[in-house]
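To keep things clear, I will list the structure first and then write my remarks on it.
Each value in this text was obtained by applying a stated rule to the coordinates, not by laboratory testing. Predicted model only: the values in this text are computed from it and were never measured.
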Amino acid sequence: MPVVVTGAGLPLGRALLAALADQAALAGPGVPDLRAVVRDRADAAALRASGVRVSVGDLSDPLRLGAVLEGAYTVVHLDTGPDGAGSPLDTWEWLLDAAEDTGLRRIVTVVPYGALVPEISLYDTVFLPGEIRGATGTPDAALVARLVAADGRR
């Protein structure tokens, strides 16, 4: 079952995709169905080389994002908004618009500590407190592990 990662050009997104691929490799043969959404075309080449299906664009186009989400089980929403300085909550409504009628079952996202999380009942939703962009620029390994565990495609 596919998993989609938005904000996949960010260090956290790249680390998460690598961890998901490693987990799939441990589970047995076959290529994991990993999909990514990046804003910058320069981020796409390395992800594609690792076997990830990549869509380049922002989340403001619900039809394009909906096509990426079609048939996916989980989306891990890490997109930080058009200027890259926000949080996934800044593009939350765009994600929900795009997810409509795609068959998506689970949304996992990282929210800033203390943020109010939206109420939603259409999807199995997991909100993990944390920082998308850590102070060191290196993804928090514990957060990556929590995101992998929250995927839920088992």
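A few points about this structure:
- On full extension, the segment bounded by Asp83 and Glu100 gains 3.6 nm, given 0.36 nm per residue less the C-alpha separation.
- Gyration tensor (alpha-carbon) shape descriptor, the range 17-113, a/c threshold 1.5: prolate
- Amide H contacts of Gly130 (H built 1.01 Å from N, in plane; Pro and chain starts excluded): Val111, Tyr113 sit under 5 Å, all sequence-distant by 5 or more or on other chains.
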